[in-house]
Amino acid sequence: MTRGRLLIVAAVAAATALTVGPPVASRSSARGVYTGAQADQGATIYAARCAMCHGRQLEGTVEIPALSGKFVANWASRPVGDLFDYIARAMPQPAPGSLSSDDNARLVAFLLRANGAPAGNQALPADRQALRRIDFDTVPPL
Amino acid sequence: MRLSPDQLIDVKCCIRPLRAAGPNLDVEHVGDRLVVHNYGHGGSGWSLSWGSAEIAVGKALSVLPERVAVVGCGIVGLTSAIMAQRAGLQVTIYAKELIPRTRSFRASGSFTPSSRVALAGPAGPQFGDRWEQMARFSWKMFRTYLGLPGAPVDFGDSYGLSDAPVEPRSRAADPAITDNYETSGLPRQNAEFAHLDDRIRDIVPRSVVLSREENPFAAAHVQRSSHMFFNFPAYANALLDEFFSRSGRFVMRNFNSPRELTELPEKVIIHATGYAARDLWQDRTIIPVRGQTGWLVPQPEANYSIRSGNMSAISKGDGIVLMNNNPDLGDMLGVGDSTEIPTRAPIEGAMASLARRLAPALSQDVSA
């Protein structure tokens, strides 16, 4: 590549960066995106609002989805925000939309913990936009 | 027929996707994908599946695809997939589950083509013709499954029992109820529902009144009819066998928004997610209508069904299916209720009540 061409490439890259703004780094659920206390609170909410259908061990039934195992296949490799949004819209099924955003975040923290994601120092935000930048990543195989 | 509460082996609950205007069979674009809808069949999904699939697949074929995706693997998705295969297309089903774990499998399995299929007002006068087309087409397709090993689709005698002479059901609107779907988002009385069964009276067997000599039941008035039902395991297996033997592919997949359909390699997509379309497509005209069934082990020696006061016990190859549908509420039972947890008490109540209609000697243990 000639020096001139390099300059053009650099200029184009700079221009692109200028238009889009600096890329916001995604955080990974494998790096501790919720606190243990938050997940504990989520467990209490789960017991009261979710366990009646999904089971005390999150095991589900033939008819009702388990919230571990296959759950990861359905929800991992995408932003945690997708799960948060789904719960906000559609759960609990008999009374969709009845969870507060804070409780929803606590539940998601509980579900992340139940599916192997480690706790960290920072609470999971109860904010859709922020959750779009946190990925639900699978735990590396043993 | 032996009806005894301590013999229940299963209680299942599900939500019928009643769509106010009737099943959605519209076509729309999502990005560069063509989406053909096929959802919202209320309590008539099994019964209308083939006719509905014929319409949806016809729309898909009109853009000459070689392959199509089907999203959803309940009875409507699966029959859509098979109809597309029979038309020579390569088909991949994307769904969370295969049919045995879908809501379809929690139905009762009776041919009920106009059960909570639409509200008469929102569906409009033209819906009757569309419904009749689907019902007649499906009826003929079901006949191709009769007499096969395992009886995937079968007919049985059904006895309607009552103490008073059976009167034609009145569905006149109650003027005291002023709210309706348009004003409140939910139907408020039976008269709002589309009742269309009369349109296919010429092909569905009529009931006959039994004389006192022919009547073995503890009921003064008895009518007998032939009724068609689906044996879920045999029928689902027949459908899945055909789908996979025609090189059908199944991919476990969860969709969060219509936009995600553009990630699929297929350019033409049949969308058949039933009640889940309420969330996935944000179709708020879908009204949940809860229903539940109890199941006893199969009693092939009792190859008949009884019903009385909207409670029924239907003997099928996959068990005796019990229902307790409140006669006063009619179509309104379960409307707006999206709770999918079964409750045993109404099922046990139906068993006790129906057992008293059988010969007293046989029902002593329950009616005592």
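Would you mind stating whether B:PHE243 is touching a residue at least 12 places away in the same chain (Cβ under 8 Å), aromatic (Phe, Trp, Tyr) and not in a strand (DSSP E or B)? When the stated conditions are applied, B:PHE243 passes them.
Among the residues of the range A:59-118, those that are among the acidic types (Asp, Glu) and in a helix (DSSP H, G or I) comprise A:ASP82, A:ASP85, A:ASP102, A:ASP103.
Yes or no: B:ALA350 under 23 Å from the mean Cα position of the chain (by Cα), open to solvent by less than 40 Å² (accessible area, probe 1.4 Å) and over 22 Å from B:VAL153 (Cα atoms)?
yes
Hey, any hits in the range A:111-122 for a residue that's within 14 Å of chain B (Cβ to nearest Cβ), on the phi > 0 side of the Ramachandran plot and open to solvent by 40 Å² or more (accessible area, probe 1.4 Å)? No, the range A:111-122 contains no residue that is within 14 Å of chain B (Cβ to nearest Cβ), on the phi > 0 side of the Ramachandran plot and open to solvent by 40 Å² or more (accessible area, probe 1.4 Å).
Residues in the range B:38-55 that are hydrophobic (A, V, I, L, M, F, W, C), closer than 20 Å to B:ASN231 by Cα and open to solvent by 10 Å² or more (accessible area, probe 1.4 Å): 1 in all. A count restricted to the range B:103-146 and to residues that are open to solvent by 20 Å² or more (accessible area, probe 1.4 Å), of a type in the set (Ser, Thr, Tyr) and in contact with a Ser or Thr (Cβ under 8 Å, 6 or more places away or on another chain) stands at 3.
A residue that is open to solvent by 20 Å² or more (accessible area, probe 1.4 Å), within 30 Å of B:GLN299 (Cβ to Cβ), within 14 Å of chain A (Cβ to nearest Cβ) and outside any loop (DSSP other than H, G, I, E, B) can be found somewhere in the range B:91-102. Of everything listed in (1) among the acidic types (Asp, Glu); (2) within 20 Å of B:MET83 (Cα to Cα); (3) in a loop (DSSP other than H, G, I, E, B), the single unmet condition for B:GLU167 is (2). Within the range B:226-240, the set of residues being open to solvent by 20 Å² or more (accessible area, probe 1.4 Å) and either without any contact (Cβ under 8 Å) to a residue 60 or more places away in the chain or outside any helix (DSSP H, G or I) (or both) comprises B:SER226, B:HIS227.
Taking the criterion of being part of a strand (DSSP E or B), in contact with a helix residue (DSSP H, G or I) (Cβ under 6 Å, 6 or more places away or on another chain) and farther than 20 Å from B:ARG224 by Cβ, the residues of the range B:289-321 that qualify are B:GLY294, B:LEU296. Put simply, of A:ASP40, A:ASP103 the only residue that is at pLDDT 95 or above and either within 14 Å of chain B (Cβ to nearest Cβ) or under 30 Å from B:GLY334 (Cβ atoms) (or both) is A:ASP103.
The values are calculated or read from the model by the stated rules, or taken from the named source; none is laboratory data. In this text the structure is predicted, and so the values were computed from the model without any measurement. Cβ atoms come from the backbone with ideal geometry, glycine included; neighbour counts cover every protein chain shown. Please note that ligands, DNA and RNA were not included when accessible areas were found on the heavy atoms of the full protein model with its side chains. Shrake-Rupley method; radii C 1.70, N 1.55, O 1.52, S 1.80 Å.
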